[in-house]
1. How far apart, in nm, are two points set 7 Å out from the Cα along the Cα-to-Cβ line at Tyr68 and at Ile54?
2. Calculate one ³J(HN,Hα) per residue across region 19-25 by plugging θ = phi - 60° into the Karplus curve 6.51 cos²θ - 1.76 cosθ + 1.60, and present them in order as whole Hz with x for glycine and proline.
3. Taking the solvent-accessible surface of protein heavy atoms with a 1.4 Å probe, what is the per residue accessible area of region 19-62 in Å²?
Amino acid sequence: MRWMLVLLLTGCGSAPLAPQRGEVPVFTPCVKVVPQRPAYEFDKLTPAATDGEIILALARDWPRGREYEGELEAIIEGCLSVVSTPSVQVLDLPPRPAAQAPKEALQPIPPAGYFLTRWREIFKP
């Protein structure tokens with residue numbers, strides 16, 4: 001019973017790791033609002049419309065179309081002028097334990113002439 005209590009208390013001996021903050025680039029679209037496409041009179045004409053009706057419908061649609069094109073061009077120009085740095089979102093990441101190197105990685109590296117002087121011992125026939 002005592003050994004269980006000792007095991008439980010050993011877990012409390014170390015302090016928890018502090019949370020880390022990391023910055024992650026996140027894609028955000030440059031177009032916030034898409035302009036509404038106008039309802040053109042030419043699209044509402046019947047196939048039996050006369051030439052005069054077609055010309056009048058096109059004449060009325062011209063200013064609407066130019067205004068719509070201007071809005072689209074302004075949006076495209078705004079997207080192209082935006083600097084290519086992505087927006088950054090800060091995330092609270094869970095703590096990450098410190099990486100520990102394997103034991104063989106901690107061995108010292110022999111000096112440069114080590115193998116030249118001891119090659120007969122290392123490579124015994």
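1. Computed distance between label sites Tyr68 and Ile54 equals 1.9 nm.
2. The phi angles translate into x, 9, 10, x, 9, 10, x Hz.
3. Per residue, region 19-62 has an accessible area of 86 Å².
The values are calculated or read from the model by the stated rules, or taken from the named source; none is laboratory data. Quick caveat: nothing in here was measured; it's all calculated off a predicted structure. Glycine also receives a Cβ, built like all others from the backbone with ideal geometry; neighbour counts cover every protein chain displayed. Ligands, DNA and RNA are excluded from the accessible area calculation, which covers all protein heavy atoms including side chains. Shrake-Rupley method; radii C 1.70, N 1.55, O 1.52, S 1.80 Å.
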